[in-house]
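Colleague: Here it is, the structure in full.
The values are calculated or read from the model by the stated rules, or taken from the named source; none is laboratory data. All figures in this text were calculated on a predicted structure; none of them were measured in a lab. Backbone-built Cβ (ideal geometry, glycine too); neighbour counts: all protein chains shown. Accessible surface is based on the protein model in full, side chains and every heavy atom, while ligands, DNA and RNA are left aside. Shrake-Rupley method; radii C 1.70, N 1.55, O 1.52, S 1.80 Å.
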Amino acid sequence: MKITLLRKLSLTYILIPNLLFSFGWFRQPYSGILIAGFIFLLIRELKKKNEPDFLPAKDLFFTLLFAIVWTFFSGAGGLSDQKSDFFAHNAKFYDLYKNPWPTYFPEVGRYACYYFGYYLVPSFLGKITGDLSPSFIYFWSVLGYFLGFSWVYLLIGRKKVGLFAFLWFRGIGYVLCLALQKSHIMNIPLYRPVINGIVQQSSYAPNQFLGTLIVTCILIHDVFVRKEFKEIWFPITLVFIWSVFPSISLSIIYLIVWVRHFIIKQNYMTLCNWSSLASFILPAILLLPTLGYFLSANQTTVKGLLWQFGDPFKISFYHFTGIMIDLVVYFLLIRSLKHREKLIPFWFTASLLTTLFVFSLYRVGFHNDWFYRTQIPIFIILVIVLIRGAYDCVEEKLLPAGWLNRSLSLLIVIMMFIQLSAYVHLLRDNIIVKTLFPSATSFKPMPYDRFPNVYLLMKKMYQDRGDAEQYLGQKNSFYELHLAPKTDKN
């Protein structure tokens with residue numbers, strides 16, 4: 001497969017939910033304008049000429065098989081043990097399948113305000129077939145993982161073991177915080193900033209991870225392989241309805257690249273042409289209604305600087321233990337590779353670590369979803385850099401230079417094995433073992449239809465903690481009054 005074709009398929013995958021969202025969530029003429037604009041930009045992408053780079057069929061077969069296996073174990077479709085977040089994931093699928101669009105909660109008289117991108121295609125297929133089949137969810141997820149893993153596989157130099165290792169990197173801070181919690185030395189709050197591994201993001205938040213993985217890899221390929229700095233803005237705007245916080249992170253990452261290339265290196269004259277209109281202005285205009293929708297969000301969400309939520313000394317300790325140690329470890333390791341890594345430059349990864357530090361200072365949401373999700377694209381890039389560096393050292397039969405780097409590398413490997421051990425139970429807790437050896441596992445897929453909508457489920461599960469309210473839009477918001485389809489609700 002030509003890499004250009006992989007890019008086209010990836011853009012089509014993340015764009016289709018935007019078409020469904022435009023159709024279901026906005027009144028005319030905005031809905032028609034959005035759909036026409038997205039189709040125009042997609043056709044523009046599809047017309048671009050193929051480039052010589054390609055992935056051989058055997059490599060595509062490997063990444064497809066890898067995607068099929070991992071999707072099975074990730075919990076998508078209920079084929080293996082699902083993390084607790086799947087209560088809400090399944091409820092969203094059912095809500096979007098069963099109820100009219102846009103999502104409305106009659107219990108409180110409010111429209112929902114949430115990034116539904118991942119759920120829209122399986123739910124739409126359920127609507128037109130009359131059945132929300134888990135197979136729709138599974139195969140939609142397989143396709144996303146196939147595209148995302150193909151990009152990762154390409155960027156790490158087509159290393160099969162490297163693709164497996166990609167899942168298991170993790171921050172050290174989580175283990176330290178967990179040890180303090182389990183030993184009763186200190187009660188660590190849930191909102192403490194720690195780095196979640198790729199496997200956590202995938203198995204807890206596939207709705208945010210899949211689109212982010214694909215677009216992050218396209219960004220790296222466009223900027224550092226193709227040396228094309230204009231075309232990545234369109235994919236970033238498409239991923240907002242998949243995941244708001246990672247999209248903000250991707251926008252900031254792109255801004256760093258954009259400023260360096262067009263302003264600092266004085267390439268701003270290349271912006272003065274008609275292609276810039278389609279590359280920057282049109283995608284930004286098409287994003288405006290979606291931003292208007294998200295700005296209608298309920299404003300009762302917990303948010304503020306970390307130090308507003310407890311004793312400053314304790315918060316500083318949580319911050320140092322949870323994130324600062326990891327930032328130092330990853331900085332030292334990546335710095336040791338700066339003369340060996342030829343694709344992603346050190347200035348870029350250093351700026352990402354700085355950005356991650358800034359993100360860690362602020363909290364949004366009961367669980368601090370802001371930090372847990374904005375870190376996704378940053379950590380994907382850091383892991384790709386480390387895998388590329390590790391293979392470079394192996395191929396040249398070199399150990400990381402210096403005892404400190406060797407110690408840190410060993411520590412990362414130990415963390416990966418700790419991570420892996422926490423998921424071994426999936427080999428037992430899945431539909432295959434349940435079917436063949438029912439007494440060997442207590443596995444049972446989570447239901448989809450326990451509640452008529454996601455608001456009632458969240459209210460039942462978390463009561464007055466505020467999780468359900470995070471799904472609400474404001475009454476008489478700009479979206480409700482001017483953008484939502486005209487019904488008796490508005």
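Colleague: With respect to Gln181, is the statement that it is under 21 Å from Phe366 (Cβ atoms), touching a residue at least 24 places away in the same chain (Cβ under 8 Å) and part of a helix (DSSP H, G or I) true?
Modeller: no
Colleague: Okay, next question. Within segment 3-14, identify whether any single residue is touching a Phe, Trp or Tyr at 6+ places or on another chain (Cβ under 6 Å), at pLDDT 95 or above and not in a loop (DSSP other than H, G, I, E, B), and answer yes or no.
Modeller: no
Colleague: Could I ask something else about it? Criterion first (surrounded by 14 or more Cβ atoms within 10 Å (Cβ to Cβ) and under 17 Å from Gly473 (Cα atoms)) does Ile241 satisfy it?
Modeller: yes
Colleague: Taking the stated definitions as given, is Lys58 at pLDDT below 90 and either closer than 24 Å to Thr12 by Cα or surrounded by fewer than 23 Cβ atoms within 10 Å (Cβ to Cβ) (or both)?
Modeller: For Lys58, the condition - at pLDDT below 90 and either closer than 24 Å to Thr12 by Cα or surrounded by fewer than 23 Cβ atoms within 10 Å (Cβ to Cβ) (or both) - is not met.
Colleague: Let me ask another. For Val329, are the conditions met, namely being closer than 15 Å to Gly173 by Cα and either open to solvent by less than 20 Å² (accessible area, probe 1.4 Å) or modelled with pLDDT of 95 or more (or both)? Before you say what the answer is, go through the steps one by one.
Modeller: Values: closer than 15 Å to Gly173 by Cα: yes; either open to solvent by less than 20 Å² (accessible area, probe 1.4 Å) or modelled with pLDDT of 95 or more (or both): yes.
The answer is yes for Val329.
Colleague: Another question, then. Looking at this structure, is Leu120 buried (at least 23 other Cβ atoms within 10 Å of the Cβ), farther than 28 Å from Val194 by Cα and at pLDDT 90 or above?
Modeller: yes
Colleague: Also: Quick one: Leu255 ticks every box in (1) in contact with a helix residue (DSSP H, G or I) (Cβ under 9 Å, 6 or more places away or on another chain); (2) at pLDDT 95 or above except a single one, so which number is it?
Modeller: Leu255 satisfies all of (1) in contact with a helix residue (DSSP H, G or I) (Cβ under 9 Å, 6 or more places away or on another chain); (2) at pLDDT 95 or above except (1).
Colleague: Tell me, please, whether a residue that is without any contact (Cβ under 8 Å) to a residue 12 or more places away in the chain and either open to solvent by 30 Å² or more (accessible area, probe 1.4 Å) or within 23 Å of Met461 (Cα to Cα) (or both) can be found in segment 140-158.
Modeller: no
Colleague: Name the residues in segment 288-308 that are in contact with a Gly (Cβ under 7 Å, 6 or more places away or on another chain) and assigned to a strand (DSSP E or B), would you?
Modeller: Matches in segment 288-308: Ala297 only.
Colleague: Would you check if Gly109 is at pLDDT 95 or above and either in contact with a helix residue (DSSP H, G or I) (Cβ under 7 Å, 6 or more places away or on another chain) or surrounded by fewer than 20 Cβ atoms within 10 Å (Cβ to Cβ) (or both)?
Modeller: On the way: at pLDDT 95 or above: no; either in contact with a helix residue (DSSP H, G or I) (Cβ under 7 Å, 6 or more places away or on another chain) or surrounded by fewer than 20 Cβ atoms within 10 Å (Cβ to Cβ) (or both): yes.
Taking the combined requirement at face value, the residue does not satisfy it.
Colleague: Same structure again: If I ask for residues that are over 19 Å from Asn453 (Cα atoms) and of a type in the set (D, E, K, R), which ones from segment 76-97 would you list?
Modeller: Passing the criteria: Asp81, Lys83.
Colleague: So, of the residues in segment 275-320 that are out of contact with any Cys (no Cβ under 8 Å at 6 or more places or on another chain) and among the aromatic types (Phe, Trp, Tyr), which turns out to be nearest to Phe116 (Cα to Cα)?
Modeller: Among residues in segment 275-320 that are out of contact with any Cys (no Cβ under 8 Å at 6 or more places or on another chain) and among the aromatic types (Phe, Trp, Tyr), the one nearest to Phe116 (Cα to Cα) is Phe280.
Colleague: Name the single residue that is modelled with the highest pLDDT among those in segment 452-490 being polar (S, T, N, Q), open to solvent by 20 Å² or more (accessible area, probe 1.4 Å) and under 28 Å from Phe87 (Cβ atoms).
Modeller: Here the residue is Gln474.
Colleague: Specify the residue that is most open to solvent (accessible area, probe 1.4 Å); the eligible residues are those in segment 336-366 that are over 20 Å from Arg226 (Cα atoms), of a type in the set (Ser, Thr, Tyr) and out of contact with any Gly (no Cβ under 9 Å at 6 or more places or on another chain).
Modeller: It comes out as Thr354.
Colleague: What is the number of the single condition among (1) open to solvent by 80 Å² or more (accessible area, probe 1.4 Å); (2) in a helix (DSSP H, G or I); (3) closer than 30 Å to Val385 by Cα that Phe313 does not meet?
Modeller: (3)
Colleague: Another question about this same structure. I'm checking my understanding of the structure. Among residues of segment 408-430 that are touching a strand residue (DSSP E or B) at 6+ places or on another chain (Cβ under 7 Å) and of a type outside the set (D, E, K, R), which one is surrounded by the most Cβ atoms within 10 Å (Cβ to Cβ)?
Modeller: Of all residues in segment 408-430, those touching a strand residue (DSSP E or B) at 6+ places or on another chain (Cβ under 7 Å) come to 426, 429-430.
Restricting the remaining residues to those that are of a type outside the set (D, E, K, R) gives 426, 430.
Working: Leu426: 17, Asn430: 20.
Ranking the qualifying residues of segment 408-430, first place goes to Asn430.
Colleague: What's the total number of residues in segment 124-161 that are β-branched (Val, Ile, Thr), assigned to a helix (DSSP H, G or I) and over 14 Å from Leu64 (Cβ atoms)?
Modeller: 4
Colleague: When you go through Ser279, Ser247, Ser275 one by one, which is the residue that is more than 22 Å from Lys49 (Cβ to Cβ), of a type in the set (S, T, N, Q) and in a helix (DSSP H, G or I)?
Modeller: Unique residue meeting the criteria: Ser247.
Colleague: Here's something else I'd like to know. Counting only residues that are polar (S, T, N, Q) and assigned to a helix (DSSP H, G or I), which one in segment 20-42 is nearest to the chain's Cα centre (by Cα)?
Modeller: Of everything passing the filter in segment 20-42, Ser22 is nearest to the chain's Cα centre (by Cα).
Colleague: Given the conditions (1) touching a Lys or Arg at 6+ places or on another chain (Cβ under 7 Å); (2) surrounded by 17 or more Cβ atoms within 10 Å (Cβ to Cβ), and given that Leu282 satisfies all but one, which numbered condition is not satisfied?
Modeller: (1)
Colleague: Assess whether Pro122 counts as being touching a helix residue (DSSP H, G or I) at 6+ places or on another chain (Cβ under 9 Å), free of Cβ contacts under 8 Å to residues at least 60 places away in the same chain and either of a type in the set (Val, Ile, Thr) or under 22 Å from Ser202 (Cα atoms) (or both).
Modeller: Numbers: touching a helix residue (DSSP H, G or I) at 6+ places or on another chain (Cβ under 9 Å): yes; free of Cβ contacts under 8 Å to residues at least 60 places away in the same chain: yes; either of a type in the set (Val, Ile, Thr) or under 22 Å from Ser202 (Cα atoms) (or both): yes.
Criteria met by Pro122.
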